[in-house]
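Shown next, in structure tokens, is the structure this report addresses.
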Amino acid sequence: MIRALLPHPLLAVGLFASWLLLSEPISAGDIVVGLLAALTIPHVMRLLEPDRSGVRSPGAILRLARSVAVDVLRSNYAVATIILGRRRRERVSGFIYIPLDLRNRYGLAVLAIILTCTPGTLWVQYDRHTGRLLLHVLDLVEEQEWIDLIKGRYERLLLEIFP
């Protein structure tokens, strides 16, 4: 009953007290406005609450962390050899589209972090209607290899972690 009226009671009390503290001489109008703010703003905050997303499979989290750590080290070495000029002529950069089955927004956020923190790759755009990810790759040798790598190495584990 109280949660229906005040979804965030501490926020309501804090708002009401803050309003009264900011009003130098407290009047009846200040009390009414403070009560209105304390009763309406927590309902707006309820709309901003994130979805509850359960995380499953701690083993998959550990496997994903290990894969990311290894890939970041490999990518650092590969990008360093490109930048230092040892493989400059062989390098071809480009954009590729990757079809994703992952739709969980937390899983997509983790995938974006993984791809962006890995040197040589950059998450450019994601179309949530089609599930296509646009990725920029510094050393694009074979598109299908990148698609298989991301879907098999990262997306598969993220689908296990995020329901």
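What the table below lists for this structure:
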quantity	calculated
Two-site FRET efficiency, residue 129 against residue 24, from Cβ-Cβ distance with R₀ of 41 Å, rounded to 0.05	0.20
Highest average packing first - 40-50, 136-146, Cβ atoms within 10 Å	136-146, 40-50
Label corresponding to Cα Rg over 2.2 N^0.38 Å when calculated from the structure given, among (1) 0.95; (2) 1.61; (3) 1.06	(2)
The stretch 89-163-the stretch 2-47 distance, computed between alpha-carbon centres (Å)	45 Å
Calculated FRET efficiency for the pair residue 48/residue 73, C-beta based, R₀ 45 Å, to 0.05	0.70
Neighbourhood net charge (15 Å Cβ-Cβ; Lys/Arg +1, Asp/Glu -1) for residue 66	+2
Sum of -39500 (n - 2.57) over DSSP H runs of 4+, divided by residues of the chain (222 nm, nearest 500)	-17500 deg cm²/dmol
Residue with peak Gaussian network fluctuation, the chain [Cα springs, cutoff 10 Å], from 126, 77, 106	77
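Throughout, read-outs are computed from the coordinates displayed, never taken from laboratory work. In this text, all values refer to a predicted model and were calculated from it rather than measured experimentally. Glycine also receives a Cβ, built like all others from the backbone with ideal geometry; neighbour counts cover every protein chain displayed.
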